[in-house]
Amino acid sequence: RGADGQQHLLSESQRKLCCDAMQGTEVTISRLQRSVAAALAAVQHGFEEEHLEPRTGYSLDLALPSSRVAVEVDGPSHFLLPDGRGVRKPNGPTLLKRRLLAAAGWRVISVPFYEWDGFATANERQTYLQGLLG
């Protein structure tokens, strides 16, 4: 157990190295993410872009820290190739991020590119986000 009372698989120094490596990665905000952020701002105020989650070291695409709600904008690189039925499943790193964020107390909402791209108007996108936020 660490000083925080949590059981850890890595030593504190190893955890710090991992977090430092993740935080040192340059973040690029895609057009897709900017589009989702703009629509989200019209639906609910207070979401922060690229919020650093300290327990996991992850940068959240869009986060409402006070409510621990994360909106992850998932482009094509977050998915495996479609299966024989055309279904796209999240890849390993995407599933890991979702699980770790959920374990850290976040409600993670995914906005997949193939759903977002299917909306023609800002109103459709805002209605979609309202439905996801519940």
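What follows is calculated from the coordinates using simple rules that are stated; it is not laboratory data. In this text the structure is predicted, and so the values were computed from the model without any measurement. When we count neighbours, we look across all protein chains shown, and the Cβ atoms used for this are built from the backbone with ideal geometry, even at glycine.
Pairs only if they're at least six apart or on different chains, beta carbon under 6 angstrom, first in region 106-128 and closer than 13 Å to residue 79 by Cβ, second in a helix (DSSP H, G or I) and among the polar types (S, T, N, Q); list them, first residue then second.
none
Given the residues 76, 54, 112, which is the only one that is closer than 30 Å to residue 12 by Cα and within 15 Å of the chain's Cα centre (by Cα)?
Going through 76, 54, 112 in turn, the sole match is 54.
Quick one: what pairs do we get from region 60-71, first residue on the phi > 0 side of the Ramachandran plot, second small (Gly, Ala, Ser) and part of a loop (DSSP other than H, G, I, E, B), C-beta under 8 Å, 6+ apart or different chains?
Once the first residue is on the phi > 0 side of the Ramachandran plot and sits in region 60-71, its partners that are small (Gly, Ala, Ser) and part of a loop (DSSP other than H, G, I, E, B) give 68/105.
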